[in-house]
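No lab work stands behind these numbers, since they all come straight from the coordinates. Computed from a predicted structure; not experimentally measured. Neighbour counts are summed over all protein chains in view; Cβ atoms, including those assigned to glycine, are modelled from backbone coordinates with ideal geometry.
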Amino acid sequence: MSRSVSAARDRCLELERVIAGRARSGSLGLDDALKLFDEMLPHARPASVTAFNHLLNVVSRALCRRSSTLESGLVISLFNRMVRDCSIKVAPNLCTYNILIGCCCRMGRLEHGFAAFGLILKTGWSMASPEAPIIINQLLKGLCDAKRVVSYNTLLKGFCDEKRAEEALELLHMMSDGQGSSYPPDVVSYTTVIKGFFSEGQVDKACSLFVEMGVSPNVVTYNTIIDGLCKAQSVDRAKGVFQQMIDKGVKPDNETYNCLIHGYLSTGQWEEVVQRLKEMSTCGLEPDAFTYGLLLDYLCKNGKCSEARIFFDSMIRKGIKPSVTTYGIMLHGYGNKGALSEMHDLLNLMVANGISPNHYIFNTVICAYAKRAMIDEVMHIFIKMKQQGLNPDVVSYGALIDALCKLGRVDDALLQFNHMINEGVTPNIVVFTSLVYGLCTVDKWEKVEELFLKMLNQGIRPNIVFFDTILCNLCREGRVMEARRHTDSMVCMGVKPDVISYNTLIDGHCLANRIDEASQLLDSMASVGLKPDIFSYDTLLNGYCKAGRIDNAYCLFREMLRKGVMPGVVTYNTILHGLFQTRRFSEAKELCLNMIKSEKQWSIRTYSIILNGLCKNNCVDEAFKMFRSVCSKDLELDIITFNIMIDALFKGGRKEDAMHLFAAIPANGLVPDVVTYRLIAENLIEEGSLEEFDGLFSAMEKSGTAPNSRMLNALAKRLLRRGDISRAGAYLSKLDEKNFSLEASTTSMLISLFRGRIISTMQSPCLKRKEDGNKGYDFIEYYRQACVEYAKQKMSTPEFKIDINAPTVS
């Protein structure tokens, strides 16, 4: 230790002994205390706080005896110098704060006393400490002496604002017991602490204190309770308190109803909201701007913009001027729903009413246009922003860049990114993630790496969404091993893969037909503290079923049930489809029965899978019975379900039932599709109703349903099989007109027909030559040449594909 340091330490210890001795003997006066304080400052050590407390105490008492409010700031000044000017930091302790608070309260400087008390709270001090009663009583006494009884609620609020409602309750009990104060807590005191408990999520303690109140609650107290219960999703309990409020004769105000309406909206109880609005009107209350804001927000978020507009217009008629926030709610609702015309009109109305759009409003409109890839409109809004003196911010550029990337216009997105930086707008992780997504989709992986390094250089740390975006694109391209290495990089950078990361990897391995590795990934999730969710299981289930490994899929399904993971609609659809496809009919049927017994609401897709499975396993009667049951349910039917049943009924020889079902399609709000028409047309050909078939095909085209390649090939084959060469030629011509390909089976049938039957027909003595005026010869000759040439042309082109059953043509 150097000589100078040793001397300073010795001087400090000597001063501490002098101060302590004179303080105990009572011989330390104000002037000496101030001189010793100045001398102590440059030599103080952390333990010197005790000596400083002696000096502060002497100064405080001396000033109080003089009753000089002008000099009361001296103690605060000394306190600040002690904290700030000591060469070695000296931290105040509770004794220091106690002296300071006591001095301020005795001198009537209560605002300084509360400021000091706030400093104590920030140190983490507890009301359970032994010094608590002394400190609190000094504040209470000061408040009472100054006839400022109501102000002690500031203490309670201070505790509650610091999330220390338990200590506020202890203070409340001290006040109630009369410790240091002759003024008991009032309704504001109780309400403050009740609100504190609610803000900390301690609902039961808040309700218990409400019951124990020593004074009658007022409307503010009831509103606090109702609001707290509604925010805790205990709306029924809030309704009970509301009824109690009325029974006690406390009149509800607008805030009461707003709290209840907010609670009912948060739980989706719209009917109750309507009832409360009626009650308000009965009580002579009108919805205010806040009420309308709640209603508009709920309706817009639930896609009910038309209903929201009715309330919005009503609000204006009643003279309530919508704020920029209210317009923002409506614009956001229109934007999300895609009602861009209404959104544009409302924006114009807003400007016409003298309200200037802010960044939030412009960004709402930009995001709505960007979501629908309307880039020109986005750029127009950018120009409008600048005209109004607002520069596009990171949200504006983020929406534009994201839209461009999703359109595949990555070069344009990069131009906007550079322009954004040149404008002084710092990109955030959302912008970088959008760009990475775009670059990955156009296979510019070198640019991804470059952008990643640029992001790190700017101090922006990648998050899990950023990494999952890269992971998803790697897996989609089948680069699963690179994706695995990518997860290792994530961990090295301190980002832990989440359930979505694992689900992406599982899906990637299934797409690459590496099902066993996908299964190992699912098993490994528990070892890293992750719990597989329904998507994890559904992804692997789908992989097993597509690979034909139905036993593995069924085992995984049962494992889900054992582990308490409730299968969803997708789960059941996947496993049912797999079981039916592999002809595991008994297991599929057992599963169907269990599903029906569960009384859950299944989707029409699920029922279609079951119906198709039953029909393919020759259980048409059972399927038809189930179909009728499905039609009676509150389900949105689709044409696929009808097509399944029409096809099965025709194959089962139940033509009348099939045609009745076809006729019933419009009554169910559906329109026949090309598959429906194909099924009906094939049946008409089979039974020889060819004129009716022609009429059906014509009606189909007039309805706007265009035939596809499968339909035209199927009709041509059936007509050829019947020997109706003329009609078959007409539909073969339609194939050519629409640039559709001949199926291998159609080509085979044409060649076999014209190699044998046409030649024998031409050699028949009954057939006359062209010059004899027989048009039949011309017809057969034309179609023989046309069809054979057509088949040869189609088969000789490199685009023509045939399956393994196609004939060989020399």
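What the table shows:
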{"item": "Fully extended contour minus Cα-Cα distance, from M213 to S524, at 0.36 nm per residue", "result": "106.5 nm"}
{"item": "S603-E701 FRET efficiency (beta carbon distance; Förster radius 35 Å; 0.05 resolution)", "result": "0.60"}
{"item": "Highest-first arrangement of 705-718, 476-489, 559-572, 334-347, where packing means the average Cβ count within 10 Å", "result": "705-718, 334-347, 476-489, 559-572"}
{"item": "For the stretch 674-689, 3J(HN,Hα) per residue [Karplus equation, 6.51 cos²θ - 1.76 cosθ + 1.60, θ = phi - 60°, Hz, x = Gly/Pro]", "result": "4, 5, 4, 4, 4, 4, 5, 4, 4, 5, 5, 5, 4, 8, x, 7"}
{"item": "Charge context of H509, other residues only, Cβ under 10 angstrom, K/R +1, D/E -1", "result": "-1"}
{"item": "Gain on full stretching of the segment that runs from T267 to A373 - 0.36 nm per residue minus C-alpha separation", "result": "34.7 nm"}
{"item": "Entries of K597/K633; K655/K738; K589/K625; K157/K251; K301/K371 with Cα pairs more than 20 Å apart", "result": "K655/K738; K157/K251"}
